[in-house]
Amino acid sequence: SMRTFCEEMAAKLTPVRVLIGAKVCDETKGLTPFVPREVENPYCAIVLGSAKYNTQGACAAVLGRAVKYTPEQKVGSGRNGSLNLGQLYIGDNLIEARLDLEELHDAGLMTFHHRPGTAGNYVGVDNMLTAGDYRYLAHGRVIDRATRIIGSVATPYVEDTLPLNDDGTISDGYCAELAAQFESAISKNMSGQISGVKVTVASDQDIVNTSTLKILLRILPVGYATWIECEIGLADNIS
């Protein structure tokens, strides 16, 4: 089943984001018992939708958006315009004819929709197969980029010497300097892609016996206007 396949992938995958193009097997059946968000595989997404009757072609369009734009940008960002695919289908039905798009998105699928007042179709919520921190493709891509940067900055320190205090703890000055270098690298290379970064290197690590230096990195992502609510009404003045 699709659920078993995705769970097996979760156990085997290295940190690579994977999009699986899905097709509709039976128009009369819903998602039960398969609920994508319950799979708990943050590296995998199921893309439902096609440019022709019940094919998988639209998955490539999502990948194209991910490649074209920086990691913090949602593949469905309105600022980047609609997909150049013309009509889109789920199974044999046009996207505009579906009445269950909210249900499909809420279940954890990545699919498409038409936005009133615009031409063309857009990617909906960039759902991954998890309800956790990395439930959006954009969050995972931001962390992936930060991981690559940190790995590059950390490489010169592998097997390097660390100054210790008399009690075996790491020098506070060294910890502060290392944390500052890591924070600077993230801030410089991810400017505009995140809202903030904090790196902590604890001095009370047992580096002598473990030979393992632990670094805590926390990133504050940008926010997303997935839903916009506007209260409209008349007023007797606008002062």
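Let me spell out the model: positive unit charges on the Cβ of Lys and Arg, negative unit charges on the Cβ of Asp and Glu, origin at the Cα centre of the chain. What dipole size does that give, in debye rounded to 20?
1040 debye
How far is helix 58-68 tilted, in degrees, relative to the longest principal axis of the Cα atoms in the chain, given as a value from 0 to 90 rounded to the nearest 10?
That helix lies at roughly 40 degrees to the long axis.
For residue 143, tell me the accessible area in Å² from a 1.4 Å probe, rounded to the nearest 10.
50 Å²
Using only the alpha carbon atoms of the range 168-234, find the Kirkwood hydrodynamic radius as the inverse mean reciprocal pair distance, in angstroms to one decimal.
14.7 Å
Angle between the Cα long axis of helix 172-189 and the longest principal axis of the chain, 0 to 90 degrees, nearest 10?
30 degrees
Relative to the longest principal Cα axis of the chain, at what angle does helix 2-12 sit, 0 to 90 degrees, rounded to 10?
It works out to around 20 degrees.
Suppose we look only past 27 Å in the calculated P(r) of the range 55-199. What percent of the Cα-Cα pairs does that tail hold?
The answer is 42 percent, as a whole percent.
Compare 100, 167 by solvent-accessible area with a 1.4 Å probe and give them largest first, with all protein chains kept in place.
Largest accessible area first, the residues go 167, 100.
Spelling out what I want: for every residue of the range 193-203, take phi, set θ = phi - 60°, compute 6.51 cos²θ - 1.76 cosθ + 1.60 (Karplus), and round to whole Hz; glycine and proline get x.
9, 9, 9, x, 8, 9, 10, 10, 10, 6, 7
Just need the relative contact order of the chain here, percent rounded to a whole number, with Cα pairs under 8 Å and 6+ apart.
Relative contact order here is 16 percent.
Would you calculate, for the chain, the mean residue ellipticity at 222 nm contributed by helices, counting each DSSP H stretch of 4 or more residues as -39,500 (n - 2.57) and dividing by all residues, to the nearest 500?
Counting only the DSSP helices, I get -9000 deg cm²/dmol.
Please give every one of the lysines within straight-line cross-link reach of residue 52, meaning a C-alpha to C-alpha distance under 26 Å, and leave out same-chain neighbours fewer than 8 residues apart.
23, 29, 68, 74
What translational D, rounded to a whole number of µm²/s, comes out for the range 78-129 from Stokes-Einstein when the hydrodynamic radius is the Kirkwood one over Cα pairs, at 37 °C and 0.692 mPa s?
Here the translational diffusion coefficient equals 285 µm²/s.
Determine the distance separating the Cα centre of the range 193-233 from the Cα centre of the range 106-168; give it in Å without decimals.
When both Cα centres are located, 11 Å separates them.
Under 5 Å between amide H atoms, partner at least 5 residues away or on a different chain: which partners does residue 130 have, H built in plane at 1.01 Å?
40, 41
The values are calculated or read from the model by the stated rules, or taken from the named source; none is laboratory data. Being a predicted model, the structure only gives us computed values, none of them experimental. Ideal geometry is used to build each Cβ from the backbone, glycine not excepted, and the neighbour counts take in all protein chains shown. We work out accessible area using only protein heavy atoms, side chains counted, and drop any ligands, DNA or RNA first. Shrake-Rupley method; radii C 1.70, N 1.55, O 1.52, S 1.80 Å.
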